[in-house]
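To start, the structure itself, in structure tokens.
Throughout, read-outs are computed from the coordinates displayed, never taken from laboratory work. Being a predicted model, the structure only gives us computed values, none of them experimental. With ideal geometry, Cβ positions are generated from the backbone for all residues, glycine too; neighbour counts draw on all protein chains shown.
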Amino acid sequence: MVIKHKPLSKKEESIAKSIVEAAFAVHSQLGPGLLENIYEVCFCHELEKKGLIVERQVSIPIVYDGITFDEGIRLDVQVEKLVICELKAVEKMKPVFTAQLLTQLKLTNKRLGFLINFNVPLIKQGIKRIIL
């Protein structure tokens, strides 16, 4: 079954390209085997060098039963308030990581997210793009 999505905006596609380039740059210089927070700070630096607005560890409150709870979710990286990047440095990706990103996209009303695992031999094996 093929799911058709509304096309992304040119800005979203441009950000997506920059995200892939930044992940490639960081992985090329550092390789696998480091902690997630090291990749996060370097990844954000690469995006900022491209002139993008990047936010790290963004808290998003949860509304439940009509009440807003500050103890919500935390986005690893948000780019230009349009794209969410969930970063990992794990030996094996788990389905729960994809579910986590899907939930983040739904709760923030965003359409594009990237699940990026830096602990891979080739970074293209560690990038998963998700569109709602």
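Given the conditions (1) under 27 Å from residue 11 (Cα atoms); (2) buried (at least 16 other Cβ atoms within 10 Å of the Cβ), which single one is not true for residue 124?
For residue 124, the exception is condition (2).
Which condition number in (1) in contact with a Ser or Thr (Cβ under 9 Å, 6 or more places away or on another chain); (2) under 20 Å from residue 11 (Cα atoms) is the one that residue 48 fails?
(1)
Tally time: how many residues in segment 25-41 are surrounded by fewer than 19 Cβ atoms within 10 Å (Cβ to Cβ) and out of contact with any Asp or Glu (no Cβ under 9 Å at 6 or more places or on another chain)?
Count: 11.
Across segment 42-77, which residue is surrounded by the fewest Cβ atoms within 10 Å (Cβ to Cβ) among those that are within 20 Å of residue 97 (Cβ to Cβ) and among the basic types (Lys, Arg)?
Looking at residues that are within 20 Å of residue 97 (Cβ to Cβ) and among the basic types (Lys, Arg), I get 74.
Which residue out of 68, 108 is of a type in the set (Ser, Thr, Tyr) and either touching a residue at least 60 places away in the same chain (Cβ under 8 Å) or under 21 Å from residue 129 (Cβ atoms) (or both)?
108
Residue 129 - would you say it is exposed (fewer than 15 other Cβ atoms within 10 Å of the Cβ) and out of contact with any Lys or Arg (no Cβ under 8 Å at 6 or more places or on another chain)?
Answer is yes for this residue.
Given the criteria within 23 Å of residue 10 (Cβ to Cβ) and of a type in the set (A, V, I, L, M, F, W, C), does residue 132 qualify?
yes
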